[in-house]
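K.L.:
Here it is, the structure in full.
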Amino acid sequence: MLGDSVKPTRSRLERILKIAALGCIAIGLTIQFIPVKEIGNNPPARFALDAPPEVAAILREACFDCHSNETRWPIYSRIAPASWLMARDIHRGRTHFNFSEWADVDEDERNDDLENCWEQVESGEMPPWFYVFPMHPRAKLSQGDKLLLKSYFLRGAKGAEPAKPPRVTQAK
Ligand code: HEC
């Protein structure tokens, strides 16, 4: 009968799948013990943005997880290999510029950063699509959000109003 001839192949396949699944679980558990220094680490520096509250709210939602020391570290950020990818993005993001460390850079550099930010937002590069979907739908920028950001990002650009002096807060 057909069933008889299929049976041995299927059970061998089942055995292989079972071993493969156990192998995956073992690897999955083992990699949890590989230490990643950056995970959960928010350095103490804080800078109070001199942005209007509605702009600050957008930046917090869409940019701060990767470009500040106020990263929200969700549970899945502790689980390898997702944690490795996040640590890498956050490390690279903070290296490019870090809103929390703006107390240590001068006005010119801040304005350069701001103009870069506008380029990234205007072109749709930032926030990265893989961040927005599926984990952070609220980071998606509407046209209105972009206009608000534009007015803030380009405030120091040539021909714009002179920027107000920054307010600096102490690290908590
Ligand atoms: C998921 C993490 C993440 C989020 C959220 C994010 N960024 Fe980035 N950003 C990065 C990474 C990673 C890089 C470095 C990209 C590279 O090296 O190619 C970067 C680079 C940049 C740069 C420098 C680009 C350059 O080439 O000089 C700017 C400016 C920037 N981001 C602005 C923003 C702004 C503004 C937001 C919010 C609207 C934002 N980013 C949200 C991860 C992020």
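K.L.:
Using per-residue counts of other Cβ atoms within 10 Å, averaged over each peptide, order 31-42, 82-93 from highest down.
P.N.:
82-93, 31-42
K.L.:
Check ALA48: other-chain or 5+ apart residues with amide H under 5 Å from its amide H, H built from backbone geometry?
P.N.:
Long-range HN contacts for ALA48: THR169.
K.L.:
Mind listing the Cα extents of region 75-122 along all three principal axes, in Å, largest one first?
P.N.:
Principal extents (Cα only, largest first): 39, 26, 14 Å.
K.L.:
Follow-up. What ranking of CYS24, CYS117 emerges when the number of other C-beta atoms within 10 Å of each C-beta is taken as an exposure proxy, fewest first?
P.N.:
Fewest-to-most Cβ neighbours within 10 Å comes out as CYS24, CYS117.
K.L.:
Turning to a different aspect of this structure: Of PRO52, ALA82, ASN41, which is farthest along the charge dipole of region 1-99 in the positive direction, counting Lys and Arg as +1 and Asp and Glu as -1 at C-beta?
P.N.:
ALA82
K.L.:
Go through 132-140, 13-21 and give me the packing order, highest mean Cβ count within 10 Å leading.
P.N.:
Ranking the peptides 132-140, 13-21 by packing returns 132-140, 13-21.
K.L.:
Can you show me the helix-derived [θ] at 222 nm for the chain, built from DSSP H runs with n ≥ 4 at -39,500 (n - 2.57) apiece and divided by the number of residues, rounded to the nearest 500.
P.N.:
-17000 deg cm²/dmol, from helical runs alone.
Values quoted throughout were computed directly from the atomic coordinates according to the rules given, and no laboratory measurement underlies them. Just so it is clear, the structure is predicted and the values come from calculations on it, not from any experiment. Reconstructed Cβ throughout: ideal geometry from the backbone, glycine too, with neighbour counts over all protein chains shown.
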